[in-house]
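Contents: one structure, followed by commentary.
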Amino acid sequence: MSTISSATVRWQNLAGAALLAAAAASKNWWCTYINWRLQQAAVAHLESLSDYQLKDIGLTRSQIRSAVSHGLAGRAYPLVPSF
C-alpha cells in the first residue's frame, strides 16, 4: 500500500512542478508581449510628432526606434517605463 501511495505522491509532485513551469513560461511570454506592445505604441506616438516636437525632446526620426528600445544615454527619464 505504501508503494502505491509514494508513487502517487511522486506523480503529483511532478505534475505540480510541470504546472508551475508552464505558468512561469506563460507569464514570461505575456510580459514580453506586453513590453513589445508598449514599445510599438511609443514608436507610433513618437513617429506621429512633428520634426519640431522631436527636436524639442532631443530626437531625430532616425533615432526613434533605438531610443525606444535602448533608451538614450544621459536621460533623466526613460521614454518607455520599465515594469
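Restricting to the range 54-71, name every residue that is among the polar types (S, T, N, Q), surrounded by 11 or more Cβ atoms within 10 Å (Cβ to Cβ), free of Cβ contacts under 8 Å to residues at least 12 places away in the same chain and in contact with a helix residue (DSSP H, G or I) (Cβ under 9 Å, 6 or more places away or on another chain).
Matches in the range 54-71: Gln63 only.
Which pairs do you get when a residue that is modelled with pLDDT under 95 and surrounded by 10 or more Cβ atoms within 10 Å (Cβ to Cβ), found in the range 18-38, comes within reach of a residue that is outside any helix (DSSP H, G or I) and of a type in the set (A, V, I, L, M), reach meaning Cβ atoms under 8 angstrom, with the pair 6+ apart or on two chains?
Leu38/Val80
The values are calculated or read from the model by the stated rules, or taken from the named source; none is laboratory data. None of the values given here were measured: they were computed from a predicted structure. Positions of Cβ are generated from backbone atoms using ideal geometry, with glycine treated the same way; all protein chains shown enter the neighbour counts.
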